[in-house]
Every structure is written in C-alpha cells, then in structure tokens.
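The values are calculated or read from the model by the stated rules, or taken from the named source; none is laboratory data. Everything numeric here is computed off the predicted structure, so don't read it as measured data. Backbone-built Cβ (ideal geometry, glycine too); neighbour counts: all protein chains shown. These area figures cover heavy atoms from the full protein model, side chains too; ligands, DNA and RNA do not enter into them. Shrake-Rupley method; radii C 1.70, N 1.55, O 1.52, S 1.80 Å.
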Amino acid sequence: MKKIIVLSMSLMALLFGFVSCSNDDNDDATETKDSKTSVSFDNLEALDISDAKALYIGTGTTGSNRSARDAASESIQKLLKITDSDKTEEVAYLDKDGFMLYTGRGDSGFYTRVKKTTGSLVPMTYTYAFWTGLDGYMYYCEYDSSDKVSIKKIDTTNYEVNIKDYATNLPLDFFLEYPYDAYKLTLKNKMYFIRGTSILEVHNESNTPRVVTLAEINAASVSHVVATENYYYLAGTDTAGKGFLVKVDPTNDTCTNLLSEDYVMYTFTASEVDGIVFNAMRMSDGKKIIGKVGVNGGAVTIIDEESDAQITYLERIN
C-alpha cells in the first residue's frame with residue numbers, strides 16, 4: 001500500500017537532503033540532518049530544484065532562488081577545486097561519461113566550461129541554460145539570426161568534447177535564455193520543457209523536437225507539473241479563470257480532466273496505479289483540503305479538510 005508523506009521543504013532541503021515533516025502552520029516541527037558532505041558527482045543533477053520528477057532546468061539567480069544558488073555554488077567549487085579568482089560558479093551538469101559542464105564568472109567575466117574526467121578544461125561559448133538529455137549527454141540551445149533556434153549536443157564519445165547539431169530551424173519557443181525558464185519533465189522515452197503555457201517535447205524516439213498543442217484545455221497559466229513513467233500532469237488556470245488538473249497521454253497528446261470541481265492547486269503527486277493526491281483550495285467554500293482522485297478522475301476522496309493547511313511539498317513513499 002502506498003502512503004503519502006507531507007513535507008514542507010526549503011530550497012536548501014531540496015539541494016542537500018534536509019528532511020522536514022511539517023506544514024506551513026507548524027514550522028517548529030522540523031527534523032533535519034546535515035548531509036552537505038554527501039554532495040558528489042553522482043547527484044549534481046539534484047542541483048536542479050525538484051518537485052517529484054518535475055525539475056527546473058537550473059537553480060536560478062533571483063529572489064528566493066538566490067540562496068539555493070549560492071549554496072550550490074559552494075559545493076560546485078569544492079568538487080571542481082575552483083581557484084580563488086573564480087568563486088561564482090552557479091550551474092553544473094554531469095553527463096554519462098563523467099564530464100561536467102558549469103558556468104560562472106571569474107576575473108575576466110562570465111564563462112562556460114566543460115571539465116573532462118582527466119581534469120582538463122574545455123572553454124565553451126557562454127550559454128546559461130543546459131540540460132542532460134535522455135541519452136545521458138548534455139544539450140543547450142542557440143538563437144539564430146533568422147529568428148530560429150538550434151539545439152546543440154555536447155558529444156563526449158571517446159572522452160573528447162564535440163559539439164553536434166541535434167535539431168535546427170526550431171521556433172523561438174525552444175530558446176531558453178536562463179536555466180529557470182522552464183520545468184523539465186522526464187518520462188520513459190520522452191522529455192518535455194513546460195515554459196509558461198508552451199509544452200515543448202525536446203527529446204523523443206525520433207529525435208525530432210516539437211511543440212505540443214493540447215486541444216482539450218485553453219490554459220492561461222500552468223503552475224504545477226508532475227511526470228510519471230508514461231504520462232505527465234498539468235495544473236493551472238484556464239482563460240475563464242477556472243482551475244484545471246489534467247493527465248496528458250504523450251502518445252497522442254490527449255488530456256483527461258481529473259477534477260470536476262474548481263480548485264486552486266498548491267501541490268500534487270501522481271501515481272499511474274494509485275491516482276493523484278493533491279493539496280488545493282476548494283473554490284466552492286474556500287477550504288484548503290488534501291484530496292485524492294483516481295487515475296482517470298472521478299469523485300474526490302477528502303483526506304483532510306479540518307487542518308485547512310497549505311502544504312509546501314507532497315511526496316509519495318512506500
């Protein structure tokens with residue numbers, strides 16, 4: 001049987017494994033464990049801000065993300081043995097061959113570099129938004145003068161750094177200027193970026209990126225996203241101001257509406273077997289509830305409405 005644990009986590013918790021079992025109304029009930037020393041090459045992808053399988057592409061640079069970025073920078077410096085003059089490394093990614101890409105600012109300005117497993121460094125054109133693809137290699141996008149976008153692959157076959165075209169002549173939707181421009185969703189054999197209300201299928205079986213159009217919803221905003229192995233889930237508000245929560249089948253881009261009532265979604269977690277558990281405000285009476293709905297929608301089972309709590313983070317555990 002699956003259980004649900006309700007967690008209230010800061011960005012530091014997401015980066016370094018602090019565990020908190022509280023909601024926003026009881027922040028004193030917190031148990032933490034300092035695991036900073038466990039940061040290693042193996043979990044550098046966790047420097048992305050994660051919500052279940054939904055990942056921001058990077059740590060970000062402004063607002064509440066700044067403290068997370070600064071903490072991540074300190075760990076990156078230790079791992080890369082950065083010199084004293086280069087102290088502002090911000091974003092790092094690791095590919096399947098152990099090559100690391102990172103950005104930063106040194107005495108001579110901003111830069112991007114690849115650190116090879118031998119320790120040698122390869123300078124790159126400064127680009128801020130990178131990601132690791134389904135094949136384990138790193139990718140980034142470039143803006144072309146013709147108002148088109150190309151996606152580049154950093155191929156480290158034979159432990160050399162080679163830049164190859166992955167896709168060209170893409171619409172401007174695919175241009176990610178900053179690492180916090182989009183959510184990243186990873187399914188079994190597809191990867192999506194959710195940028196505003198744009199749904200970008202960046203990696204698929206045919207290696208042909210495309211813009212996804214969902215005919216069933218007319219979204220004004222997308223606020224929360226989650227992926228399972230075979231589906232992805234979107235919550236937000238439509239152009240009529242009504243909240244929605246849908247399950248999307250990536251094989252044909254069809255949506256299943258999971259909620260018949262109007263809710264303002266705070267967070268949710270999804271399982272292809274057990275359904276969706278969510279925390280939201282019910283618009284009919286203003287109550288903040290924790291509810292559960294089946295894998296294809298239907299009646300909502302109320303788990304809690306007495307607490308009237310807004311939860312920061314929901315995670316499904318065995």
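Of note:
- Residue within the range 245-253 that is of a type in the set (D, E, K, R), touching a Pro at 6+ places or on another chain (Cβ under 7 Å) and at pLDDT 95 or above present: no
- Condition met for residue 164 (open to solvent by 60 Å² or more (accessible area, probe 1.4 Å) and closer than 16 Å to residue 132 by Cβ): yes
- Scanning the range 138-161 for residues being among the hydroxyl-bearing types (Ser, Thr, Tyr) and open to solvent by less than 20 Å² (accessible area, probe 1.4 Å) gives a total of 4.
- Yes/no for residue 120 being among the small types (Gly, Ala, Ser), open to solvent by 70 Å² or more (accessible area, probe 1.4 Å) and over 17 Å from residue 103 (Cβ atoms): no
- The range 178-196 residues that are under 13 Å from residue 209 (Cα atoms) and open to solvent by 50 Å² or more (accessible area, probe 1.4 Å), paired with ones that are modelled with pLDDT of 90 or more and outside any loop (DSSP other than H, G, I, E, B) (beta carbon under 8 Å, 6 or more apart): none
- Here residue 309 does not qualify as touching a strand residue (DSSP E or B) at 6+ places or on another chain (Cβ under 7 Å), open to solvent by less than 60 Å² (accessible area, probe 1.4 Å), under 16 Å from residue 245 (Cβ atoms) and in contact (Cβ under 8 Å) with a residue 24 or more places away in the chain.
- Count - residues of the range 257-270 that are over 15 Å from residue 219 (Cβ atoms) and within 22 Å of the chain's Cα centre (by Cα): 5
- Number of positions in the range 281-292 that are under 26 Å from residue 230 (Cβ atoms) and touching a residue at least 40 places away in the same chain (Cβ under 8 Å): 1
- Strands (runs of 3 or more DSSP E) contained in the range 130-179 and holding at least 2 residues farther than 23 Å from residue 196 by Cβ: 149-155, 162-170
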